[in-house]
1. May I ask you to list the residues in segment B:9-38 that are modelled with pLDDT of 65 or more and more than 9 Å from chain A (Cβ to nearest Cβ)?
2. Would you pick out the residues in segment B:39-69 that are among the aliphatic types (A, V, I, L, M) and away from chain A (no Cβ under 11 Å)?
3. Residues that are modelled with pLDDT under 85 and either within 11 Å of another protein chain (Cβ to nearest Cβ) or surrounded by fewer than 20 Cβ atoms within 10 Å (Cβ to Cβ) (or both): does segment A:11-25 have at least one?
4. Which condition does B:Arg300 not pass, out of (1) outside any helix (DSSP H, G or I); (2) out of contact with any Gly (no Cβ under 8 Å at 6 or more places or on another chain); (3) charged (D, E, K, R), if it passes all the others?
5. Quick test for you: out of B:Gly110, B:Gly73, B:Gly117, B:Gly106, pick the one residue that is within 14 Å of chain A (Cβ to nearest Cβ) and either modelled with pLDDT of 85 or more or surrounded by fewer than 17 Cβ atoms within 10 Å (Cβ to Cβ) (or both).
6. For the condition of a type in the set (Asp, Glu), touching a residue at least 60 places away in the same chain (Cβ under 8 Å) and closer than 21 Å to B:Val681 by Cα, what is the one hit in B:Asp612, B:Asp585?
7. Which of the residues that make up segment B:639-686 are within 30 Å of B:Arg755 (Cα to Cα), among the aliphatic types (A, V, I, L, M) and not in a loop (DSSP other than H, G, I, E, B)?
8. Given the options B:Ala310, B:Ala320, name the one that is of a type outside the set (Asp, Glu), in contact with a strand residue (DSSP E or B) (Cβ under 6 Å, 6 or more places away or on another chain) and in a helix (DSSP H, G or I).
Amino acid sequence: MANKKADLLQGTLELLVLRLLQSGEMNGWDIMQRIRLVSQDVLSVTPGALYPALHRLEERGLVAAGWGASDNNRRAKFYSLTAAGRKQLQSGRRTWSRFTGAVDALLRDA
Amino acid sequence: MPEVLARLLKRLKRAVRTHAAERELDDEMRFHLERQIADFIRDGLSPEAARAAALRAFGGVEQSKEACRDARGLRWLHELRQDLRYALRVVRKHAGLTAVIVVTLGVGIGANTALFGVVDAVLLKPLPFPDAQQLVVVKERTAARPNRAVAFPDFLDWQTRQQTFTGLSASLIIGGVLSGDGEAERVFGRAVTRNFFATLGTPMHLGRPFTADEDQPGGAPAIVLSYALWQRRYARDAGVVGRATNYNGERYSIVGVLPPTFDFYGRANANNDIFVPLGRLREQSFMQTRLDHPVQVVGRLQPAVSLERARTDLAGIASALEQEHPGTNRGVAVTVTPLLEDYVGDMRLTLTVLLGASWLLLTIACINVANLLLARASTRRQEIAVRLALGARRGRILRQLLTESLLLSAIGGAFGLFLAWIAADSLARLAPVALPRIEEIALDWRVVLFGAVMTTITGLAFGIVPALQTTDVELQQVMRSTGRAVTGRGKRLREVLVAGQVALCVALLIATGLLVRSFQRLSAVDPGYDAANVVSMRLRLPDARYRTRAQVLPVLDALLKRIAALPGVESACLTTGVPLGRRSDKGFAVAGQSAEPLDRAPLALTQWASADCHRTFGIGLLAGRRFTPSDREHSAAVAIVDDEFVRKYLGREPASAVGERVRLLDEPDRWREIVGVVRHVRHSRLDEESSAEIYIPFEQTRTDWQLEIGRAMDVAVRSARPADAIVAAIRSEIRAFDPELPLSHVTTLESALQRSMAPRLFNAVLLSIFGTAALLLCVVGIYGVVSYSVSQRTREIGLRMTLGAQPAEMFRLVMSRALRMALAGAAMGVAAALLLGRVLEGLLYGVHARDPLTFLTVLTLLNVVAVVAAYVPARRAMHLDLVSALRIDG
């Protein structure tokens, strides 16, 4: 199991968070669960990495934060995408596919 | 850009609300943990086990929070809050120490800030003209007279030939009487060229400046009023422009009113009431010759023209004029000085010295505080060592200690600002005679900013050494010496600091001593007259009603008789210049000596006076006789000279000078016999260069001058009655005679004398305050160090005494250490004072900068003080209770 887990590349976590927030506002816990779920446990994020990343995004104005009720009816901090975040997500996606495309090509044909 | 701004704003808002931010961070983390715990419980774990597992899975809640703070750039703020809270606790816990430090710093910073306020008002604030730094004063300079006003024809040549000025203007001081549209009022002002206001850059508040037609002989009389005069005499009536007023008996139409900010050589200076065109005087003889120097010249440099270029420009013209007019202009050079420089004069030196003194005081205060903190540092090292051992970074602890000292300096600075605020107020009230522009003093943002900067520098200065000292610990050593503070290097450092403090104190005290002695010397100077019981005032006979000599001379005569007959009047006189008042210098020739050409002839202070003048001023007669009522217009021409004149120009004893003959160069054919020799009078200031004096009976004044001179005579009265009473009596006598005769320059001779010494008194008083404060701080410093070292060496001293040392020996041991410190400091201080002496020289009078008496007095004083400060702790060493001394242990 351990060798199947992949460490996240630098900056990738932020891209993932932006992508997840595209479908609506979420709190930190939900984001963590969602990453685990969607990647089928391949990608795992610790709170020690996730929360600073969220605060960094908020500081840069890419996400906005507010307090709301969670699904179990507790007060939780919810993050949502801002217009700047949406733009950042698009350009991040482009960069990502260029990058992975390039790596793929190299792995295939080099 | 707005995005950056928004982010900044957000960060700022959050910085203000860190408390809230911290709570949110807590909440967010807690929510996450609770979800995790709930999950684990659902998986079947017990609540306790679930909690432990959740914490494990989270992996360091505090580290995460720290990383979040870092992400937001909040970490420094968080640490700052920690440091501040800690510092506040320390400051509160040591309330006594804090109070001492705050007062010490408050005095230092307060003195500095108040003095900066003065410097700012006098030297730094620009004069109230646009681009005031472009304004310069141009004067003429000869070897004999380095600083003289300008001959009008020379000015005209400069004006047409110069290439570096946007404008050169001339003015001369005038005075007279306004009447016809209200009470007769004595006014002073200037006759100015029509470009005067444009050169200064002053727009008119109302109306317009003078036209070319008005600025020439025979032009329509026009007058410009100051704002203050307009307010006081015309109640700010805007309709005043275009109306007429009577000035010196002639109808002038008011063409303009100046703005309230207008200030040419000080609002305290009265010569700002009225302005008339200078051109109307052009045909007068004193305006035609290059030998008279009546006008003051102010110019505005072209933008981007340096002072140097303007000097070269005018120097070229001056040397051309030397070629063209060798008879009058040979050796006449030109000086160009910034207007502000000319305005504040030698106050720059005074203020520099005082500011320097306040810096010394602040440094002494800093050393004191550093010493106090060092003393505490040695007891705190253990705490610090423990924290270092537990993994704290040294930088972090340094920062915390510096936060502490900055907090102390901030409190001290606030206190200092309060002191400065009080001081500025009293300075403004006490110093106007001594300092030009002092009324501008204000604790505005510049002064407060200066105080804040000084406070920060101070906090770092006294904090850095103790902080380094405290954190530089050999862990093992400190931990091993359980409970006992470590001394050693710390003590050494403290002694060096105190020696340095003593050095600064000695230098400051020597400077103080020199200035105080200068003032004493000056007060002891015999002015040559007896200032007690003399009042004087200037009389002005309005031209309108006093048109001819026949109208003026009998009136003066009658008035003088009536004043002399007032009860309590010992004697009264009329003169053209009372001591410390105006003066007029004339060239003269001595019979039997080859006459110098007019421009090189010696000058003597010349007074036209009535018979009793020498008796009224108490000027002693050395030989011959005084003037008598029989020295009349057509009697034999006579003069009285002073002993200075006899010594300088006749080269003989006063008694044998009687019978010699002199004449004024302005009176070509009138030789006067010297009938008396009187004592020399220091006419302008007590510390002035001596200039010889000639007295002439008023009635023998050149006929064509009598009217001009007679309309503005000074009246002086010697009387034992209180000044107020005698002035009132004279006033009512004059009123009764002619209700419209304006009086001005009412003063007692004594207060005029005090005013003339005010600048020196100001220096001496201010430096004395600084010196006393410095001395007190030094006492505290020496006492602190000695007493601390005694308490540190209790065990050693106890041991020695147990082994047979005598108490007196211990006393000597402590005293000698203290004295060594003081002497080392004093030696450095003397060296510093010798070096600084050259700066002070310009402020001294009658005392050499290396005056041995002053040096000796200060050294003695300091040693006495050191002995007194060390005495108490030294006695403590002597009377040590041996049992408890040896028991002290950790």
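1. Selection gives B:Leu9, B:Thr18, B:His19, B:Ala20, B:Ala21, B:Glu22, B:Arg23, B:Asp26, B:Arg30, B:Ile37.
2. Once the filter is applied, which keeps residues that are among the aliphatic types (A, V, I, L, M) and away from chain A (no Cβ under 11 Å), segment B:39-69 yields B:Ile41, B:Leu45, B:Ala49, B:Ala50, B:Ala52, B:Ala53.
3. For segment A:11-25, residues modelled with pLDDT under 85 and either within 11 Å of another protein chain (Cβ to nearest Cβ) or surrounded by fewer than 20 Cβ atoms within 10 Å (Cβ to Cβ) (or both): present.
4. Single failed check for B:Arg300: (2).
5. Result of the check over B:Gly110, B:Gly73, B:Gly117, B:Gly106: B:Gly73.
6. B:Asp585
7. B:Ile640, B:Val641, B:Val677, B:Val678
8. B:Ala310 is the lone residue from the list that is of a type outside the set (Asp, Glu), in contact with a strand residue (DSSP E or B) (Cβ under 6 Å, 6 or more places away or on another chain) and in a helix (DSSP H, G or I).
The values are calculated or read from the model by the stated rules, or taken from the named source; none is laboratory data. What you see is a predicted model, and the numbers here were worked out from it, not measured in a lab. Methodologically, a virtual Cβ is constructed for each residue, glycine included, from the backbone with ideal geometry; neighbour enumeration extends over all protein chains shown.
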